[in-house]
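The values are calculated or read from the model by the stated rules, or taken from the named source; none is laboratory data. This is a predicted model, so every value here is computed, not measured. Cβ atoms come from the backbone with ideal geometry, glycine included; neighbour counts cover every protein chain shown.
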Amino acid sequence: MNNDAISTTVTSTRNANTKRKAMTRIPATKMTRGIVQILLEEGFLKSVTEHGENGKNFLDVRLRYFGKGKEPYVAAIKYISKPGLRIYSDRRRIPKILGGMGIAILSTSCGLITDREARRRKTGGEILRHIW
């Protein structure tokens, strides 16, 4: 059993992209909803629907591809903060991913936000993942 909801979400999405699947299903928690919402707003995902099954909630995530070869929009996902080692950044040291082409997902006092939004709000937090 995996207790890290963030890694479950990211790993499931990455594995589905590798296998060129159209959809993947992940458990619905407050944290996974936030991560999926950010990926949807940034254009890495096509759509998200939530449904319940046997008393448990799931998110059906439709992945986005481009080109005839079905190249995934998510090229790479890098784990930054882990349950055993948390990585924090103040507002002045939030990294730019690929010169602004990728995103960093941060957990702040304002909730889950991207690196651009954190810079705009002038707030720091725990850097969860880099996605490009």
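Determine which single condition residue 16 fails, assuming it passes every other condition in (1) surrounded by fewer than 18 Cβ atoms within 10 Å (Cβ to Cβ); (2) touching a Leu at 6+ places or on another chain (Cβ under 8 Å); (3) among the small types (Gly, Ala, Ser).
Only one criterion is unmet by residue 16, namely (1).
Output the residue which, of all residues in the range 68-85 that are over 19 Å from residue 15 (Cβ atoms) and not aliphatic (A, V, I, L, M), is modelled with the highest pLDDT.
Taking the candidates together, the pick is 81.
Given (1) more than 15 Å from residue 128 (Cα to Cα); (2) out of contact with any Phe, Trp or Tyr (no Cβ under 8 Å at 6 or more places or on another chain); (3) surrounded by fewer than 16 Cβ atoms within 10 Å (Cβ to Cβ), identify the lone condition not met by residue 90.
Of everything listed in (1) more than 15 Å from residue 128 (Cα to Cα); (2) out of contact with any Phe, Trp or Tyr (no Cβ under 8 Å at 6 or more places or on another chain); (3) surrounded by fewer than 16 Cβ atoms within 10 Å (Cβ to Cβ), residue 90 misses just condition (1).
Any residue in the range 35-53 that is within 21 Å of residue 126 (Cα to Cα) and of a type in the set (D, E, K, R) sitting within a Cβ distance under 6 Å of a residue that is surrounded by 16 or more Cβ atoms within 10 Å (Cβ to Cβ) and at pLDDT 95 or above? List the pairs, counting only those 6 or more apart or interchain.
Here the result reads 42/103, each pair linking the range 35-53 to a residue that is surrounded by 16 or more Cβ atoms within 10 Å (Cβ to Cβ) and at pLDDT 95 or above.
Counting residues that are among the aliphatic types (A, V, I, L, M) and touching a helix residue (DSSP H, G or I) at 6+ places or on another chain (Cβ under 9 Å), which strands (runs of 3 or more DSSP E) fully inside the range 12-110 reach at least 2? Write out each step before concluding.
On the way: elements: 23-27, 45-53, 56-63, 77-79, 103-108.
Passing ranges, in order: 23-27, 45-53, 56-63, 103-108.
Tell me, yes or no, whether the range 46-66 has at least one residue that is among the acidic types (Asp, Glu) and touching a Gly at 6+ places or on another chain (Cβ under 9 Å). Break it down stepwise before answering.
Taking the range 46-66 and keeping what is among the acidic types (Asp, Glu), we get 50, 53, 60.
From the residues that got through so far, the ones that are touching a Gly at 6+ places or on another chain (Cβ under 9 Å) too are none.
Within the range 46-66, not a single residue is among the acidic types (Asp, Glu) and touching a Gly at 6+ places or on another chain (Cβ under 9 Å).
Residue-by-condition table, conditions (1) at pLDDT below 95; (2) in contact with a strand residue (DSSP E or B) (Cβ under 6 Å, 6 or more places away or on another chain); (3) over 20 Å from residue 14 (Cα atoms); (4) not assigned by the TED database to the domain that holds residue 18:
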| residue | (1), (2), (3), (4) |
| --- | --- |
| 47 | no, yes, no, no |
| 59 | no, yes, no, no |
| 66 | yes, no, no, no |
| 87 | no, yes, yes, yes |
| 98 | yes, no, no, yes |
| 103 | no, yes, no, yes |
| 120 | no, no, yes, yes |
| 125 | no, yes, yes, yes |
